[in-house]
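The values are calculated or read from the model by the stated rules, or taken from the named source; none is laboratory data. On a predicted model such as this, the values are computed, not experimentally measured, just so you know. Note: ideal-geometry Cβ built from the backbone for every residue, glycine included; neighbour counts use all protein chains shown. Accessible surface areas use protein heavy atoms only, side chains included; no ligands, DNA or RNA. Shrake-Rupley method; radii C 1.70, N 1.55, O 1.52, S 1.80 Å.
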Amino acid sequence: MVICYSLTHLQRELSLISDNYKTGFVPTMGALHQGHISLVKRAHELSDKVIVSIFVNPTQFNNPLDLERYPRTVEEDCKRLEEAGADIVFVPTVGDIYPQKDERMFDLGGLDSVGEGPRRPGHFNGVAQVVTRLFDIVKPRYAYFGEKDFQQLSIIRYFTKELNYPVEIISCPTIREEDGLAMSSRNMLLTTEQRAVAPLIYKTLKMARERSQAQILSPDELCNWVTGEINSNSMLKTEYVEIVNSLTLRLVKNWNDHEQIQMCVAVFAGSVRLIDNIKLK
């Protein structure tokens with residue numbers, strides 16, 4: 001495995017890859033867990049060479065404190081990636097990714113009007129900035145993203161298609177701990193007490209899925225029920241619960257108006273923000 005700490009080094013390594021090879025790309029912000037490793041393993045199934053980036057992208061953080069606190073474990077990450085069989089790891093500097101201030105504003109098709117969008121202004125535009133920049137550098141055939149970040153995945157699919165990038169976006173299932181908590185780099189910021197109660201989030205989502213199938217409650221009523229269940233634990237505070245069309249991300253008001261439906265949530269455990277989602281239909 002080759003580790004490239006500069007853009008120049010990466011470009012030299014990429015030039016050695018045969019044009020006939022299909023490159024798979026896994027962009028990450030580091031602090032890797034089994035969810036990330038599952039993306040690398042999936043990439044091996046379709047790709048001849050697997051490239052992983054580790055870059056904590058400043059333009060997608062609307063909270064400077066969140067950026068500062070984001071875990072950084074590059075040395076450990078590289079060891080895990082070597083064990084997983086990654087071929088190249090790209091660990092760029094901010095100057096490599098943004099040699100000049102990136103002032104591009106992206107059309108996200110309104111997919112950012114719900115969920116994370118209103119709560120994290122500019123976040124998805126920052127995601128679009130870094131992903132397109134990495135696509136321009138790596139020029140992958142496939143790129144792999146986890147379904148835990150359901151809204152982000154939808155938005156990346158959208159602008160990749162709109163901007164005519166020759167990249168196939170491959171979605172990979174959410175990887176969970178044994179107790180159901182979705183794996184996330186932010187989990188390592190949880191206290192022991194917060195970690196113990198965090199599985200209530202997914203437990204509640206699964207109960208919501210069962211209730212949605214009965215259609216006794218309206219979508220709004222089900223959202224209110226989920227909020228109450230999660231907030232019943234004093235260590236958890238729900239920021240939002242939304243039920244959306246899985247394709248358009250428009251809010252669902254009537255079960256029968258949509259064929260594919262997803263429930264998405266964001267929950268605070270202290271100052272640690274956790275997101276999750278589940279397919280209802």
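The table below lists the values:
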item: 222 nm mean residue ellipticity, helices alone, for the chain (DSSP H n ≥ 4; -39,500 (n - 2.57); rounded to 500); result: -11500 deg cm²/dmol
item: Distance from the range 81-143 to the range 176-202 (C-alpha centre basis), Å; result: 26 Å
item: Alpha-carbon gyration tensor eigenvalues x 5, square-rooted, for the chain, Å; result: 33, 21, 18
item: Longest to shortest principal axis, alpha-carbon extents of the range 207-247, angstrom; result: 30, 23, 14
item: Average Cα contact separation per residue, the chain, under 8 Å, 6 or more apart, as relative contact order %; result: 17 percent
item: Coarse-grained scattering of the range 72-231 at q = 0.10, 0.12, 0.15, 0.21 Å⁻¹, given as base-10 log I(q)/I(0) from a Debye sum over alpha-carbon atoms; result: -0.52, -0.75, -1.11, -1.50
item: Solvent-accessible area, 1.4 Å probe, carbon plus sulfur percent, for the chain; result: 48 percent
item: Where Rh is the Kirkwood radius over Cα pairs, Rg/Rh for the range 1-159; result: 0.95
item: Convex hull volume of the range 232-272 per residue (C-alpha atoms, cubic angstrom); result: 80 Å³
item: Gyration tensor (Cα) of the range 112-199, equivalent ellipsoid semi-axes in angstrom; result: 28, 16, 11
item: Unit charges at the beta carbon, dipole of the chain: most positive-side option, G115, N254, I243; result: N254
item: J(HN,Hα) series, the range 214-228, from Karplus relation 6.51 cos²θ - 1.76 cosθ + 1.60, nearest Hz, glycine and proline x; result: 6, 6, 6, 9, 6, x, 5, 5, 5, 4, 5, 5, 4, 4, x
item: Stokes-Einstein diffusion coefficient of the range 19-58, Kirkwood radius over Cα pairs, 10 °C, 1.306 mPa s, in µm²/s; result: 149 µm²/s
item: Accessible area of the chain divided out per residue, in Å², using a probe of 1.4 angstrom; result: 48 Å²
item: Dimensionless Rg ratio for the range 155-275, taking C-alpha atoms and the 2.2 N^0.38 Å reference; result: 1.18
item: Cα-derived Rg to Rh of the range 64-137, Kirkwood definition; result: 1.02
item: Longest exposed-site-free window of the chain, the sites being GluC sites (Glu not before Pro) in a DSSP loop that have at most 10 other C-beta atoms within 10 Å; result: 1-102
item: Alpha carbon convex hull of the range 205-281, volume per residue in cubic angstrom; result: 78 Å³
